[in-house]
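Q: Here's a structure for you.
The values are calculated or read from the model by the stated rules, or taken from the named source; none is laboratory data. Being a predicted model, the structure only gives us computed values, none of them experimental. Please note: Cβ atoms are built from the backbone with ideal geometry, for glycine as well, and neighbour counts cover all protein chains shown. Remember, those area values only see protein heavy atoms, side chains included, never the ligands or the DNA or RNA. Shrake-Rupley method; radii C 1.70, N 1.55, O 1.52, S 1.80 Å.
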Amino acid sequence: MKKSSFWSDASRCGAVVGAVNVLTTLIGMLMPSIAFVTGLVNFVATVYLLFYFTRKRANLFIEDGFTYSQSLGFIVASALFVGVVCAVYQILASNFLFTEQMEQQLSTAIAELQKTGVYQGDMIKQMASMMRSYMFNPISILWSQILGNVLYLGFLGLFISVGTKREPVLFEIQGAEEPSDESEE
């Protein structure tokens, strides 16, 4: 039961963390004046939810223990699902919901690259084409979101796993008795 529910638990954790990430990103896009606050809320909520779901998973392994690597593995598996949820949002946002804003961001980035003087002529056209592909192509969005979330949440998992690992219960204390006063004799 414990092993078969691993992917189910990881997908549930990933869906919730991904939904929070999408919601805070959407609020930040709609209200740019509070984008910093929504980013901070996103970070705190992500850390809390990863800790909560990983601790919940660790509680299934009270007798066997839940090692650091099992905890980190669960977080990385959850990050795969977070990446998929965030990729779906990013694909919809860039191709349907916020196309004008994404085009404006792309134009601004290209203009900034031209100002530096590093990229000129054909190089700037290639860079613009590559950036357009990265921002609007569903396959590149999917892979970049999955890879980015695995790296980011995996890094957070290095620290979260310290608090969520469990040592195995080696000896179960049944009916612990009060120590006798034999030493007084």
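Q: Considering Phe36, Phe61, Phe6, which residue is touching a strand residue (DSSP E or B) at 6+ places or on another chain (Cβ under 7 Å) and over 17 Å from Asn149 (Cβ atoms)?
A: Phe61
Q: If we keep just the residues of the stretch 85-111 that are over 17 Å from Ile146 (Cβ atoms) and of a type in the set (Phe, Trp, Tyr), which is surrounded by the most Cβ atoms within 10 Å (Cβ to Cβ)?
A: Taking the stretch 85-111 and keeping what is over 17 Å from Ile146 (Cβ atoms), we get 95-111.
Remaining after also requiring of a type in the set (Phe, Trp, Tyr): 96, 98.
Working: Phe96: 8, Phe98: 17.
So the residue we want is Phe98.
Q: Do we have any residue at all in the stretch 114-130 that's hydroxyl-bearing (Ser, Thr, Tyr), loosely packed, with under 15 Cβ neighbours inside 10 Å and within 15 Å of Val17 (Cα to Cα)? Before the answer, list the steps.
A: Of the stretch 114-130, the ones hydroxyl-bearing (Ser, Thr, Tyr) are 116, 119, 129.
After this cut, where a residue has to be loosely packed, with under 15 Cβ neighbours inside 10 Å as well, the list is 116, 129.
From what is left, the residues that are within 15 Å of Val17 (Cα to Cα) are none.
Within the stretch 114-130, none of the residues are hydroxyl-bearing (Ser, Thr, Tyr), loosely packed, with under 15 Cβ neighbours inside 10 Å and within 15 Å of Val17 (Cα to Cα).
Q: Another question about this same structure. Every residue in the stretch 1-38 that is without any contact (Cβ under 8 Å) to a residue 60 or more places away in the chain, assigned to a helix (DSSP H, G or I) and open to solvent by less than 90 Å² (accessible area, probe 1.4 Å), please.
A: Once the filter is applied, which keeps residues that are without any contact (Cβ under 8 Å) to a residue 60 or more places away in the chain, assigned to a helix (DSSP H, G or I) and open to solvent by less than 90 Å² (accessible area, probe 1.4 Å), the stretch 1-38 yields Ser8, Val16, Val20, Thr24, Ile27, Gly28, Ile34, Ala35, Val37, Thr38.
Q: Pick from Val41, Val82: which is of a type in the set (A, V, I, L, M), within 16 Å of Leu156 (Cα to Cα), assigned to a helix (DSSP H, G or I) and open to solvent by 40 Å² or more (accessible area, probe 1.4 Å)?
A: Only one candidate passes the filter, namely Val41.
Q: Given the residues Gly157, Gly148, Gly117, which is the only one that is farther than 30 Å from Phe74 by Cβ and among the small types (Gly, Ala, Ser)? Working first, answer last.
A: Working: Gly157 fails: farther than 30 Å from Phe74 by Cβ; Gly148 fails: farther than 30 Å from Phe74 by Cβ.
Exactly one residue qualifies, and that residue is Gly117.
Q: Can you spot a residue in the stretch 21-33 that is of a type outside the set (D, E, K, R), over 23 Å from Ile139 (Cα atoms) and modelled with pLDDT under 90?
A: For the stretch 21-33, residues of a type outside the set (D, E, K, R), over 23 Å from Ile139 (Cα atoms) and modelled with pLDDT under 90: present.
Q: For the stretch 44-59, which positions are open to solvent by 50 Å² or more (accessible area, probe 1.4 Å) and either of a type outside the set (Lys, Arg) or not in a helix (DSSP H, G or I) (or both)?
A: Val44, Tyr48, Phe51, Tyr52, Asn59
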